[in-house]
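Working notes, structure below.
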Amino acid sequence: MVATVGTRTDSTSSAPARSSLRTRRRLGPGRPIRFGPTIGPLLLLTVWTAGSATGLLDERVLSAPWTVVTTTGELIESGRLQANLLTSVQRVALGLGFGVVLGTALALVSGLSRWGEAVIDGPVQIKRAIPALALMPLLILWLGIGEVMKVSTITLGVFVPIYIHTHNGLRGIDSRYVELAETVRLSRRAFIRRVVLPGALPGFLLGMRFAVTTGWLFLVVVEQINSTSGIGYMMELARTYGQTDIIIVGLVLYGLLGLLSDGAVRLIERRALSWRRTLAD
């Protein structure tokens with residue numbers, strides 16, 4: 001009898017534990033889906049193909065996928081696609097490089113100094129509130145319509161998310177680490193290397209994800225203003241002649257470049273922050 005009662009008691013006591021375990025398992029998003037990020041684009045492509053094949057989508061409004069593929073091949077054979085793509089990538093790379101350096105430097109000065117924050121943070125927040133298109137007339141008057149204006153516009157768009165997220169990462173560092181660094185008498189350089197940079201890295205990488213996307217968005221704007229090369233110029237020329245297929249090729253390129261850039265930053269983030277355990281894991 002005792003054994004039976006004991007067994008029932010153990011079974012009864014373990015039931016809430018199993019129920020609690022099942023509840024905990026349901027709270028998370030579940031296991032990662034293999035090739036999950038490709039499901040949405042493939043579904044969109046399927047709907048696009050089905051709509052074009054059944055005639056629901058007019059070719060004059062939205063070219064069929066096979067037409068876009070044929071046009072892409074023709075643009076590659078003529079060399080137009082490679083030349084314009086190279087120009088666009090160079091513009092984004094330069095703007096991204098300058099913007100990352102500028103945003104990181106300003107975030108370090110503002111995050112590590114009250115005087116730096118007082119001088120820098122306000123103007124950056126003002127720039128953040130001003131739409132990019134509102135600055136274009138002024139930048140054209142100052143810099144003309146050449147490459148300097150285009151790269152500068154991308155730089156101004158890129159440095160804001162880098163600054164915002166890196167600055168937040170700096171200010172979010174636990175004060176106990178600062179106190180520990182003061183206790184062990186770390187030098188200013190060692191403090192920045194061992195405490196500040198690792199603490200700000202998650203915020204910086206998050207800012208990079210926004211920055212690479214913003215870089216391509218600003219490229220769309222600048223390449224449609226008196227440009228003679230680039231993907232945006234190719235699309236604007238196609239609009240003039242009513243070539244919907246070339247416009248779709250440009251849109252697909254912009255989308256792919258944005259996704260690849262974001263994916264590269266996410267891969268770096270996963271490797272650099274592998275010590276963190278998050279809901280995404």
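The values are calculated or read from the model by the stated rules, or taken from the named source; none is laboratory data. Computed from a prediction, not measured in an experiment: that's the story for all the values here. Quick reminder, even Gly has a Cβ in these numbers, built from the backbone with ideal geometry, and neighbours come from all protein chains shown.
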Report every pair of residues separated by at least 6 positions or lying on different chains whose Cβ atoms are under 7 Å apart, first residue within the stretch 141-152 and closer than 15 Å to Tyr233 by Cβ, second not in a helix (DSSP H, G or I).
Ile145/Ile225; Ile145/Asn226
State whether one or more residues within the stretch 63-85 are within 18 Å of Met235 (Cβ to Cβ) and among the acidic types (Asp, Glu).
yes
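Can you find a residue that is surrounded by fewer than 12 Cβ atoms within 10 Å (Cβ to Cβ), among the β-branched types (Val, Ile, Thr) and modelled with pLDDT under 85 anywhere in the stretch 220-228? So that I can check it myself, show each step before the final result.
Of the stretch 220-228, the ones surrounded by fewer than 12 Cβ atoms within 10 Å (Cβ to Cβ) are 228.
Checking which are among the β-branched types (Val, Ile, Thr) leaves us with 228.
If we keep only those that are modelled with pLDDT under 85 as well, we get 228.
Yes, the stretch 220-228 contains a residue that is surrounded by fewer than 12 Cβ atoms within 10 Å (Cβ to Cβ), among the β-branched types (Val, Ile, Thr) and modelled with pLDDT under 85.
Report, by residue number, each residue of the stretch 42-88 that is surrounded by fewer than 16 Cβ atoms within 10 Å (Cβ to Cβ), under 30 Å from Thr155 (Cα atoms) and touching a residue at least 12 places away in the same chain (Cβ under 8 Å).
Of the stretch 42-88, the ones surrounded by fewer than 16 Cβ atoms within 10 Å (Cβ to Cβ) are 42-47, 49-51, 53-56, 58-61, 66, 69-70, 73-74, 76-80, 82-83, 86.
Still in the list and also under 30 Å from Thr155 (Cα atoms): 76, 79-80, 82-83, 86.
If the condition is that a residue be surrounded by fewer than 16 Cβ atoms within 10 Å (Cβ to Cβ), under 30 Å from Thr155 (Cα atoms) and touching a residue at least 12 places away in the same chain (Cβ under 8 Å), then Arg80, Ala83 are the ones that fit.
A quick yes/no check of all residues on (1) in contact with a helix residue (DSSP H, G or I) (Cβ under 9 Å, 6 or more places away or on another chain); (2) of a type outside the set (Lys, Arg); (3) over 22 Å from Arg209 (Cα atoms):
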| residue | (1), (2), (3) |
| --- | --- |
| Leu112 | yes, yes, yes |
| Pro131 | no, yes, no |
| Asn168 | yes, yes, no |
| Arg185 | no, no, yes |
Quick check: is even one residue across the stretch 157-164 at pLDDT below 90, in a helix (DSSP H, G or I) and farther than 23 Å from Gly230 by Cα?
no
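Assess whether Gly207 counts as being touching a Leu at 6+ places or on another chain (Cβ under 6 Å), at pLDDT 90 or above and farther than 27 Å from Trp48 by Cα. Break it down stepwise before answering.
Details: touching a Leu at 6+ places or on another chain (Cβ under 6 Å): no; at pLDDT 90 or above: yes; farther than 27 Å from Trp48 by Cα: yes.
No; evaluated as a whole, the condition is false for this residue.
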Is it fair to say Arg193 is of a type in the set (D, E, K, R) and more than 30 Å from Leu259 (Cα to Cα)?
yes
Which of the residues spanning the stretch 171-186 are assigned to a helix (DSSP H, G or I) and either surrounded by 20 or more Cβ atoms within 10 Å (Cβ to Cβ) or of a type in the set (Val, Ile, Thr) (or both)?
Val178, Thr183
Mind listing just one residue for me: the one in the stretch 118-154 that is over 27 Å from Thr228 (Cα atoms) and surrounded by 16 or more Cβ atoms within 10 Å (Cβ to Cβ) and, of those, farthest from the chain's Cα centre (by Cα)?
Ile120
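For the stretch 31-68, how many residues are among the charged types (D, E, K, R) and at pLDDT 85 or above?
Going residue by residue through the stretch 31-68, those that are among the charged types (D, E, K, R) are 31, 34, 58-60.
Of the ones still in play, those that are also at pLDDT 85 or above are none.
Residues that pass the stated criteria total 0.
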Looking at Arg209, Arg189, Arg193, can you tell me which residue is farther than 18 Å from Asn84 by Cβ, touching a helix residue (DSSP H, G or I) at 6+ places or on another chain (Cβ under 6 Å), part of a helix (DSSP H, G or I) and charged (D, E, K, R)?
Arg209
